[in-house]
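Colleague: I'd like to ask some things about the structure below.
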Amino acid sequence: MGTCGYRVVTLGVILVLIFTVNIHEVGASVAKTQLENTDTNHPIYGVVTTQSQDIDAAATSGHGSSNSTTAHHRYHVFHFDFDNVEAAYVVSLWIFIASLAKIGFHLNNKLSSIFPESCLLIILGIIVGIIVYLALLYNGSPSSANPAQYSPQYSLNAKTFFQFLLPPIILDAGYFMPNRAFFNNIGTILLYAVIGTCWNAASIGLTLWGITSLGLTSSEIPLLHCLVFSSLISAVDPVAVLAVFEEIHVNEQLHIVVFGESLLNDAVTVVLYHMFMDYALQDQLIVIDIFAGILQFFVVGIGGVLIGVLFGLFCAFITKYTAHVRVIEPIFVFLLAYLAYLTAEMFHLSGIMALTFCGIVMKNYVVFNISEKSQTTIKYFLKMLSSMTETVIFMMLGTSAVKDNHVWDVVFIVVTIVACLVYRAIGTITLTDS
């Protein structure tokens, strides 16, 4: 039964992929045919032409003329217009494919036990990207065969990621975090998240800059550019590790340290990335800029925490008066948490920290003001939303990797992977012994 279900899901994914690829070609063909056959018999064009002719005739003769003739046009009952719903349709198909893929992964226990779900979703995204790439290459010119350039629905840009896909994941982590265990180990968590992440970014960046300066790579990369890149890869996604922890039932302290560090190091990584980017864009870097960047590091983190706490308390205050309108209680939770994130980003503070601590405050105070039905709604809707966005992120990462403008440097790639493994191990062991 499990094998049969897995085959059905696999077949469904393949059919959806074929439909997704061909729908653009159908839409383009229909649009081209409509433009070539634009005459008075076209339903939309006929209405516009007739109305414009009637208006011109009325303007010329004052109130019109009895001798003027009005053409009668046929209306089409069925009309195909994919361009009008393209964005929403493609996004819906993305979510549908991702959901089918998750079902298939969990039906095949052997496959899911070997590879983490995130890895499988990235592989599926690469397969989707290759199919779209080949389809566009077959139907058009090679220069327009890049899915990321063809349509924004096939690529993952920074604005979409930070404003729409990331917030549900962060709110889910903050809202359902075991608060007591988290704050009991806050010192250890901050040690790994801040010092450990900074160590990873600095050591990896300096190593990559060193090998490029020695001429071991195909091109020389400036130091700040290496640090920007290293800040992107210095954070760790412990999804697979936490899944193993749950299976072997490790103690709660180890679980919360790994989970809390993975949550906060995302915020540290984003701050480091923006700081190094600002440094790289400056014509001349002076000492005062370095100290300003270090100061900004703390301001961004602490400011994000304060904004999150304020919005969480504000939500707790509002929900004290929702006893007669229980249906809007989940709206306040989701909306104020999202506003906390956007407000922090608006002032260039840490939106991740704001959303995390807003969720922590809401879990401690808002939960006592809302009904059990509202709590159930918040729980399952947030879990569903975070799972969906996380799935789409991993799939789009795979799709975005399918491009025709890659520059391969084997030495740079190998040194990057080795440096990540070695320096992370050194940092973890050193901080643990201290």
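Colleague: Taking only segment 159-181 into account, find how many residues are at pLDDT 90 or above and not in a helix (DSSP H, G or I).
Modeller: Residues that pass the stated criteria total 1.
Colleague: Report yes if some residue within segment 182-201 is over 25 Å from the mean Cα position of the chain (by Cα), at pLDDT 90 or above, over 20 Å from residue 352 (Cα atoms) and surrounded by fewer than 21 Cβ atoms within 10 Å (Cβ to Cβ); otherwise report no.
Modeller: Within segment 182-201, one or more residues are over 25 Å from the mean Cα position of the chain (by Cα), at pLDDT 90 or above, over 20 Å from residue 352 (Cα atoms) and surrounded by fewer than 21 Cβ atoms within 10 Å (Cβ to Cβ).
Colleague: Okay, next question. Would you check which residues across segment 328-345 are out of contact with any Gly (no Cβ under 6 Å at 6 or more places or on another chain) and either under 18 Å from residue 266 (Cα atoms) or touching a residue at least 12 places away in the same chain (Cβ under 8 Å) (or both) and list them?
Modeller: 329, 330, 332, 333, 334, 336, 337, 338, 339, 342, 343
Colleague: Then there's this: Of the residues 270, 241, 236, only one is among the β-branched types (Val, Ile, Thr) and more than 20 Å from the chain's Cα centre (by Cα); which?
Modeller: 241
Colleague: Could you say whether any residue in segment 254-272 is surrounded by fewer than 20 Cβ atoms within 10 Å (Cβ to Cβ) and in a loop (DSSP other than H, G, I, E, B)?
Modeller: Looking for residues that are surrounded by fewer than 20 Cβ atoms within 10 Å (Cβ to Cβ) and in a loop (DSSP other than H, G, I, E, B), one finds none in segment 254-272, hence no.
Residue-by-condition table, conditions (1) loosely packed, with under 12 Cβ neighbours inside 10 Å; (2) modelled with pLDDT of 50 or more; (3) closer than 27 Å to residue 236 by Cβ:
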| position | (1), (2), (3) |
| --- | --- |
| 41 | no, no, no |
| 54 | no, no, no |
| 105 | no, yes, yes |
| 114 | yes, yes, yes |
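Colleague: With in the same structural domain as residue 177 (by TED's automatic domain parsing), surrounded by fewer than 20 Cβ atoms within 10 Å (Cβ to Cβ) and either of a type outside the set (A, V, I, L, M, F, W, C) or not in a loop (DSSP other than H, G, I, E, B) (or both) as the only criterion, which of 337, 280, 323 stands out? Steps first, please.
Modeller: On the way: 337 fails: surrounded by fewer than 20 Cβ atoms within 10 Å (Cβ to Cβ); 323 fails: either of a type outside the set (A, V, I, L, M, F, W, C) or not in a loop (DSSP other than H, G, I, E, B) (or both).
Of 337, 280, 323, the one residue that is in the same structural domain as residue 177 (by TED's automatic domain parsing), surrounded by fewer than 20 Cβ atoms within 10 Å (Cβ to Cβ) and either of a type outside the set (A, V, I, L, M, F, W, C) or not in a loop (DSSP other than H, G, I, E, B) (or both) is 280.
Colleague: Given the condition over 26 Å from residue 431 (Cβ atoms) and of a type in the set (Gly, Ala, Ser), answer yes or no: does some residue in segment 264-273 qualify?
Modeller: no
Colleague: Does segment 286-295 contain at least one residue that is over 26 Å from the mean Cα position of the chain (by Cα), outside any helix (DSSP H, G or I) and either at positive phi or at pLDDT 95 or above (or both)?
Modeller: no
Table: residues versus (1) among the basic types (Lys, Arg); (2) within 30 Å of residue 132 (Cβ to Cβ); (3) assigned by TED's automatic domain parsing to the domain that holds residue 237.
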{"site": "333", "(1), (2), (3)": "no, no, yes"}
{"site": "346", "(1), (2), (3)": "no, no, yes"}
{"site": "369", "(1), (2), (3)": "no, no, yes"}
{"site": "379", "(1), (2), (3)": "yes, no, yes"}
{"site": "386", "(1), (2), (3)": "no, yes, yes"}
{"site": "393", "(1), (2), (3)": "no, yes, yes"}
{"site": "406", "(1), (2), (3)": "no, yes, yes"}
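The values are calculated or read from the model by the stated rules, or taken from the named source; none is laboratory data. Please read these numbers as outputs of a predicted model, since none were measured by experiment. Backbone-built Cβ (ideal geometry, glycine too); neighbour counts: all protein chains shown.
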